[in-house]
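Written out below as structure tokens is the structure these notes cover.
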Amino acid sequence: MNNSAVVIKKLSIVVPAYNEGKTIHLILDKIVAVNLINGIEKEIILVNDCSKDDTEAAVFRFQNQHPELNLQYYKHAVNAGKGAALHTGIQHATGDYLIIQDADLEYDPDEYNDLLKPVLKGFADVVYGSRFMGSKPHRILFFWHSIGNKFLTFLSNLFTNLNLTDMETCYKLFNTKVVQGLNLVEKRFGFEPEVTAKIARIKGVRIYEVGISYYGRTYEEGKKIGWKDGFRAIYCILKYGLFKAK
């Protein structure tokens, strides 16, 4: 892998959604408003993980209002988890690169170009957006949640020999064919340590981080990840990092 400039014609934006009917149109508005660097085309892939609210109706209204958009919609017949929704989105992506975008408003699509620049300049193959570096705004929320994130990142780094600051971040930018070639099996929040461990095994892969902003939600505002997901993440770090499970 060399550092010659990379041409990206299309970026796939994979959006897993579960019970985001009240705000899904807001994040889609933000994605639509972004002007990608070098005129890169956007492909939005929204995967509804069997929401119990009106997420589907909200997406259909948005599609009707924006018929010109390349917005693909997929729905799971049963709730399978964020990782499963990402598997569906990754499988259907046709862009040169893809980025993961949560359906809530915690991450700002205006920062896609920040993640794209190290790839376009030929330095990076994978880019993570870190909530724990840089000078951009970060909402102050839960002490133990931040400690948990940093501990999981430390544990992941221990087995991958990376020096990431935010393994659990939503914003991950991958070469589409590379991530489609991975055997990803974790259906819930174990996706993050699994994909990190398996990407780190690729010989010569160049992983970069860029600082991003973070507009976190409280549990009352709809945040879903909990302590049980933290224990699952530890299990996945050991499974895919220590024991090299495929």
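The values are calculated or read from the model by the stated rules, or taken from the named source; none is laboratory data. Please read these numbers as outputs of a predicted model, since none were measured by experiment. FYI the Cβ positions are ideal-geometry reconstructions off the backbone, even for glycines, and counts take in every protein chain you see. Areas reflect the complete protein model, heavy atoms only, side chains present, ligands, DNA and RNA absent. Shrake-Rupley method; radii C 1.70, N 1.55, O 1.52, S 1.80 Å.
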(message) So residue 112 ticks every box in (1) aromatic (Phe, Trp, Tyr); (2) more than 13 Å from the chain's Cα centre (by Cα); (3) part of a helix (DSSP H, G or I); (4) buried (at least 16 other Cβ atoms within 10 Å of the Cβ) but one. Which box is left unticked?
(response) (2)
(request) Scan the range 83-101 for residues that are in contact with a helix residue (DSSP H, G or I) (Cβ under 8 Å, 6 or more places away or on another chain), open to solvent by less than 40 Å² (accessible area, probe 1.4 Å) and not hydrophobic (A, V, I, L, M, F, W, C) and jot them down. (result) 83, 95, 97, 101
(request) Take the range 115-126 and flag every residue that is of a type in the set (A, V, I, L, M) and open to solvent by 10 Å² or more (accessible area, probe 1.4 Å). (result) 120
(request) Identify the single condition in (1) part of a helix (DSSP H, G or I); (2) more than 16 Å from residue 179 (Cα to Cα); (3) open to solvent by 20 Å² or more (accessible area, probe 1.4 Å) that residue 59 does not satisfy, given that it satisfies every other one. (result) (3)
(message) All but one of (1) under 20 Å from residue 229 (Cα atoms); (2) buried (at least 20 other Cβ atoms within 10 Å of the Cβ); (3) of a type outside the set (Gly, Ala, Ser) hold for residue 78; state the number of the condition that does not hold.
(response) (2)
(request) Starting from the range 123-135, keep only residues that are at positive phi, then list their pairs with residues that are among the aliphatic types (A, V, I, L, M) whose Cβ atoms are within a distance under 9 Å, requiring at least 6 positions of separation or different chains. (result) 134/210; 134/212
(request) Please list, ordered by first then second residue, the pairs with beta carbon atoms under 7 Å, 6 or more apart or interchain, first in the range 147-161 and touching a residue at least 24 places away in the same chain (Cβ under 8 Å) and assigned to a helix (DSSP H, G or I), second surrounded by 18 or more Cβ atoms within 10 Å (Cβ to Cβ) and acidic (Asp, Glu). (result) 152/168
(message) I'd like to know if the range 10-24 contains one or more residues that are free of Cβ contacts under 8 Å to residues at least 40 places away in the same chain, part of a loop (DSSP other than H, G, I, E, B), under 24 Å from residue 184 (Cα atoms) and small (Gly, Ala, Ser).
(response) no
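Given the criteria within 22 Å of residue 40 (Cβ to Cβ) and either part of a loop (DSSP other than H, G, I, E, B) or at pLDDT 95 or above (or both), does residue 74 qualify? Reasoning before the result, please.
On the way: within 22 Å of residue 40 (Cβ to Cβ): no; either part of a loop (DSSP other than H, G, I, E, B) or at pLDDT 95 or above (or both): yes.
It is false that residue 74 is within 22 Å of residue 40 (Cβ to Cβ) and either part of a loop (DSSP other than H, G, I, E, B) or at pLDDT 95 or above (or both).
Would you confirm whether any residue within the range 41-51 is aliphatic (A, V, I, L, M) and assigned to a loop (DSSP other than H, G, I, E, B)?
Scanning the range 41-51, I find no residue that is aliphatic (A, V, I, L, M) and assigned to a loop (DSSP other than H, G, I, E, B), so the answer is no.
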(request) Might you check whether a residue that is assigned to a helix (DSSP H, G or I) and either at pLDDT below 95 or open to solvent by less than 20 Å² (accessible area, probe 1.4 Å) (or both) occurs anywhere in the range 214-222? (result) no
(message) Please go through the range 179-213 and give me each residue that is outside any loop (DSSP other than H, G, I, E, B), open to solvent by 50 Å² or more (accessible area, probe 1.4 Å) and within 22 Å of residue 130 (Cβ to Cβ), ordered by number.
(response) 208
(request) Within the range 1-34, count every residue that is farther than 19 Å from residue 102 by Cα and open to solvent by 40 Å² or more (accessible area, probe 1.4 Å). (result) 9
